[in-house]
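Data first, discussion second: the structure below is written as structure tokens.
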Amino acid sequence: MKNQSITNNIDWISIIIYTVLVLLGWLNIYSSSLSSMQDTYEKQLIFILFTIPLIFIVVSVDGKFYEKYSSIIFIVALLSLAGLFLFGKTIAGQRCWYAIGSFTIQPSEFAKAATSLALAKFLSDSQINLKDPNRQIQALAIILLPVLLILPQPDPGSALIYSIFIIVLYREGLPSWYVWTGFITILLFVLTLVIEPIYVVLTALLVIVLVHYRSRLADRNVILSSILFVLITGFIFSVDYIFNNVFKQHHRDRFNILLGKAIDLKDSGYNTNQSKIAIGSGGWLGKGFLEGTQTKGGFVPEQHTDYIFTTVGEEWGFAGSLVVIALFAGLFLRIIYLAERQKTKFSRVYGYCVAGILFTHFFVNIAMVSGIFPTIGVPLPFFSYGGSGLWGFTILLFIFIKMDANKVNEW
């Protein structure tokens, strides 16, 4: 069979959406940094220009390369994360970057693509059955290895993104109780912070009893239900210790503000409050490009990075924000659509990883700037300032675009 042209099969819809998002992101960085006399928009333009040869390199490499060398790529990514503890540069209390002259590189942004490749390679093995506990442990180990290296930096925002891989595993056959366990754990944690632990325990007991007696195997589930209740009770009464001894003070402050337990508009709650003011002041149609008073006044800290969406909300209003959200949604749906059309399991799994990572970044960032989620430092893909983030997301996406173009040559 004669190989068809890869270029002719490139998914231009994804590339067009990507290009529009990158350009819109740069315009908002330009607006947010112009009044403060920062040169971030100039640096971001350089980063954008460097993506052009980067894209050509990614798509010129044979599609099978990423599958064949996925393990090596993953190991290199882990070593780059581990090397930060010896050679990393500390910025704002985080040791997340390598300094190269006046520029810095954040390896965790590239580790997401490497982990996606490693997970796709593992799951594409014909012998893999995620109903097998040993295979579950192996799959979870691939996810946890980079997380364990990222958390101590500390960078909880980047570590949080890896939780989306559980959904990918679920898509490939992981038992649903993993997903339910994660959801219930988060719910119990939040409820215990809001109301007295004893009431949460009594509610959990009531739910367990109802589920127990509705089960057809109720007689045989007495011991299991009892063990489950003991574990849940132990977790509930450990929440206070975890919150006060494991979480840092600024994390506790952000959770307390989010849950309405503390109002601090001058310190921990300042960013979120100013972000909500900026977005709300935009109204339906916004104040116009370069006309945002909150943006021009520099009231929102880190507006060109994690809080870049506040510029969209203020200057472009609800209508402009909706357009940006629609572009992201279109990209997510397009990637999922292409993933389902792949001829190999490796490409399909990787496609779902790409969609999951981009969606999680998008969802957490929008929720963060809207005051729905605590501030944890998660950038908005293709919008937030930073070369590492832009290049990391670009590599992540275009590896999949290359795989999709290559499917015409797959048997």
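The values are calculated or read from the model by the stated rules, or taken from the named source; none is laboratory data. What you see is a predicted model; the values in this text were computed from it and never measured. Because the Cβ atoms are built from the backbone with ideal geometry, glycine has one as well, and the counts that use them run over all protein chains shown. The accessibility values were calculated without ligands, DNA or RNA, using every heavy atom of the protein model including side chains. Shrake-Rupley method; radii C 1.70, N 1.55, O 1.52, S 1.80 Å.
Which ones in region 288-329 are of a type in the set (Val, Ile, Thr) and within 16 Å of Pro381 (Cα to Cα)? Don't jump to the end; show me each part of the working.
Just the residues of region 288-329 that are of a type in the set (Val, Ile, Thr), to begin with: 293, 295, 300, 305, 308, 310-312, 323-325.
Scanning region 288-329 gives Thr305, Ile308, Thr310, Thr311, Val312, Val323, Val324, Ile325.
Quick one: would you say Ile227 is in the same structural domain as Leu206 (by TED's automatic domain parsing) and either modelled with pLDDT under 80 or crowded, with 18+ Cβ neighbours inside 10 Å (or both)?
Working: in the same structural domain as Leu206 (by TED's automatic domain parsing): yes; either modelled with pLDDT under 80 or crowded, with 18+ Cβ neighbours inside 10 Å (or both): no.
In short, no.
Using the structure shown, decide if Lys131 is touching a strand residue (DSSP E or B) at 6+ places or on another chain (Cβ under 7 Å) and open to solvent by 80 Å² or more (accessible area, probe 1.4 Å). It is false that Lys131 is touching a strand residue (DSSP E or B) at 6+ places or on another chain (Cβ under 7 Å) and open to solvent by 80 Å² or more (accessible area, probe 1.4 Å).
Please return the ranges of helices (runs of 4 or more DSSP H) entirely within region 92-210 where 3 or more residues are touching a Ser or Thr at 6+ places or on another chain (Cβ under 6 Å).
Values: elements: 108-123, 133-150, 156-161, 165-171, 177-194.
Here the list reads 108-123.
Here is a check on your reading of the model: is Tyr350 hydroxyl-bearing (Ser, Thr, Tyr) and either in contact with a strand residue (DSSP E or B) (Cβ under 8 Å, 6 or more places away or on another chain) or under 23 Å from Lys407 (Cβ atoms) (or both)? Before the answer, list the steps.
On the way: hydroxyl-bearing (Ser, Thr, Tyr): yes; either in contact with a strand residue (DSSP E or B) (Cβ under 8 Å, 6 or more places away or on another chain) or under 23 Å from Lys407 (Cβ atoms) (or both): yes.
So Tyr350 fits the description; yes.
Every test in (1) modelled with pLDDT of 90 or more; (2) of a type in the set (A, V, I, L, M); (3) at positive phi is passed by Ala92 save one, and that test is (1). What are the pairs, 6+ residues apart or on separate chains, where a residue within region 71-93 that is without any contact (Cβ under 8 Å) to a residue 24 or more places away in the chain has its Cβ under 6 Å from a residue that is aliphatic (A, V, I, L, M)? Going by the 6 Å Cβ cut-off, the qualifying pairs are Lys89/Ala99.
Out of curiosity, is Ile150 within 17 Å of Gly173 (Cβ to Cβ), at pLDDT below 95 and among the aliphatic types (A, V, I, L, M)? Here the answer is no, as Ile150 does not meet what is asked.
Within region 72-89, the set of residues being more than 22 Å from the chain's Cα centre (by Cα) and either open to solvent by 40 Å² or more (accessible area, probe 1.4 Å) or outside the structural domain of Met403 (by TED's automatic domain parsing) (or both) comprises Ile72, Phe85, Leu86, Phe87, Lys89. When region 116-135 is filtered for residues that are without any contact (Cβ under 8 Å) to a residue 60 or more places away in the chain and either touching a helix residue (DSSP H, G or I) at 6+ places or on another chain (Cβ under 8 Å) or not assigned by TED's automatic domain parsing to the domain that holds Lys68 (or both), the ones remaining, listed by number, are Ala118, Phe122, Ile128, Asn129, Leu130.
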